[in-house]
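My questions will all concern the structure given below.
The values are calculated or read from the model by the stated rules, or taken from the named source; none is laboratory data. Please read all numbers here as calculations on a predicted model, not as lab measurements. FYI the Cβ positions are ideal-geometry reconstructions off the backbone, even for glycines, and counts take in every protein chain you see.
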């Protein structure tokens with residue numbers, strides 16, 4: 001990731017634990033004004049969210065953006081589906097990859113880039129229980145190795 005004026009709003013930590021990341025894409029989001037205000041306050045959660053391709057368009061589901069406390073009558077629905085902005089060739093590529101068995105679209109992080117809200121989505125393949133245990137074992141070994149290395 002380059003450091004070109006990015007302010008991270010939310011990260012989906014569970015995605016890297018539950019999935020192997022195959023490929024990543026950056027997409028824009030179609031949002032209302034109150035949603036952008038809430039995102040500027042950091043009220044977003046990507047934990048159980050996922051993306052789907054429907055009629056040649058990509059939508060994200062279950063992404064929670066908290067209601068804006070300053071908007072009374074014109075507030076947004078926190079869990080509504082939101083359209084992602086991608087090029088047609090990117091959508092076609094995603095469609096081909098997602099149709100392979102076991103692959104899905106998972107959001108990784110939400111951030112501001114040059115004043116615009118962007119989302120990083122990934123084509124991911126689900127991990128089995130033994131894969132998750134292997135990752136945990138590898139992480140623990142690395143931590144122990146770093147501890148030993150630090151002693152000397």
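Those residues that are assigned to a helix (DSSP H, G or I) and touching a strand residue (DSSP E or B) at 6+ places or on another chain (Cβ under 8 Å), I need them from the stretch 115-145; list them, please.
131
Take the residues in the stretch 118-152 that are within 30 Å of residue 90 (Cβ to Cβ) and out of contact with any helix residue (DSSP H, G or I) (no Cβ under 9 Å at 6 or more places or on another chain), then tell me which one is surrounded by the fewest Cβ atoms within 10 Å (Cβ to Cβ).
Applying the filter and picking the extreme gives 128.
Also, quick follow-up: Do you know which of the residues in the stretch 96-117 that are surrounded by 13 or more Cβ atoms within 10 Å (Cβ to Cβ) and farther than 23 Å from residue 7 by Cβ is nearest to the chain's Cα centre (by Cα)?
Selected residue: 105.
Okay, moving on. I need a count of the residues in the stretch 21-34 that are at pLDDT below 85 and surrounded by 12 or more Cβ atoms within 10 Å (Cβ to Cβ).
The number of residues fulfilling the criteria is 2.
Name every residue in the stretch 49-68 that is more than 20 Å from residue 25 (Cβ to Cβ) and out of contact with any strand residue (DSSP E or B) (no Cβ under 7 Å at 6 or more places or on another chain), in order of residue number.
Within the stretch 49-68, 66, 67, 68 meet the criteria.
Moving to a separate point now. Name every residue in the stretch 81-128 that is free of Cβ contacts under 8 Å to residues at least 24 places away in the same chain and closer than 13 Å to residue 28 by Cβ, in order of residue number.
87, 115
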